[in-house]
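Shown next, in structure tokens, is the structure this report addresses.
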Amino acid sequence: MWRDFKSRITTELIYEYRHTCPKLLEHPPVSYAPWIEPKVWDEFVKKIVCVKWEEARKVQQGRAMQNKYPHRMSRLGYARLEAKIEKDEGRYGINRSELWSRGCVPKKGGHTEKIKVIVDRI
């Protein structure tokens, strides 16, 4: 949960306003101010906007772009997805192809065109 929060704050706030309106980053957002101490916020922003962090981010983005068939399960993972299917549907022994197919479904539903080709072939 904390990791998701930091990621969301980074993309929706820090990367959005670091060049256009850096004054917004001087203090924690009003809605989060009761939970984030100013000192912690300053250290977090300083870490995220440094050149070293940006370089590491670009490397990881490059790696992510090379993934042809990314799973869309967030932090669930295939083992817990299988357990969830077994619990929700009362079935056991889900085959790997169905598990892979369900793991590639985005939150909005449906497969992408690249994934549809593979699923149809399976």
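Short-range pairs are left out: with C-alpha atoms under 8 Å and at least six residues apart, the relative contact order of segment 2-66 is 25 percent. Exposed loop sites are taken as chymotrypsin sites (Phe, Trp or Tyr not before Pro) in a DSSP loop (any state but H, G, I, E or B) with at most 16 other beta carbon atoms within 10 Å; the longest stretch of the chain without one runs 36-91. The figure for residue 76 is an accessible area of roughly 60 square angstrom, using a 1.4 Å probe on the protein chains alone. A convex hull fitted around the alpha carbon atoms of segment 76-120 yields 80 Å³ per residue.
Within the shell defined by Cβ-Cβ distances under 15 Å, the residues around residue 9 carry a net charge of 0, with Lys and Arg each +1 and Asp and Glu each -1. Sorting 97, 74 by accessible area puts them as 74, 97; the probe is 1.4 Å, largest comes first, and only protein heavy atoms count.
Can you flag which of 87/116; 68/107; 47/87; 84/108; 23/68 are past 30 Å Cα-Cα? Check vs 30 Å cut-off fails for 47/87; 23/68. Here, P(r) means the percent of Cα pairs in each 5 Å bin from 0 to the largest distance; for the chain it is 2, 8, 14, 16, 13, 11, 11, 11, 8, 5, 1. By the rule of a C-alpha distance below 20 Å, with chain neighbours fewer than 8 residues away ignored, the aspartates and glutamates paired with residue 114 are 98.
Coupling constants for segment 96-101 follow from the phi torsions by the Karplus curve (6.51 cos²θ - 1.76 cosθ + 1.60, θ = phi - 60°), and in residue order they are 4, 5, 5, 4, 4, 4 Hz; glycine and proline get x. Counting only Cα atoms, segment 2-66 measures 40, 25, 17 Å along its principal axes, largest extent leading. Dipole orientation for the chain: of the candidates 62, 48, 35, 62 has the Cα lying most toward the positive pole (charges on Cβ; Lys, Arg +1; Asp, Glu -1). Scalar couplings 3J(HN,Hα) for segment 67-84, obtained by applying the Karplus form with A = 6.51, B = -1.76, C = 1.60 to θ = phi - 60°, are 6, 6, 10, x, 7, 10, 9, 6, 9, 5, x, 5, 5, 6, 5, 4, 4, 5 Hz; x denotes Gly and Pro.
If you take the Cα centroid of segment 1-57 and the Cα centroid of segment 87-122, the two points sit 36 Å apart. In the chain, helical runs assigned H by DSSP with n ≥ 4 each contribute -39500 (n - 2.57); averaged across all residues and rounded to the nearest 500, the mean residue ellipticity at 222 nm is -16500 deg cm²/dmol.
The values are calculated or read from the model by the stated rules, or taken from the named source; none is laboratory data. Keep in mind it's a predicted model, so treat the numbers as computed, not measured. Quick reminder, even Gly has a Cβ in these numbers, built from the backbone with ideal geometry, and neighbours come from all protein chains shown. Remember, those area values only see protein heavy atoms, side chains included, never the ligands or the DNA or RNA. Shrake-Rupley method; radii C 1.70, N 1.55, O 1.52, S 1.80 Å.
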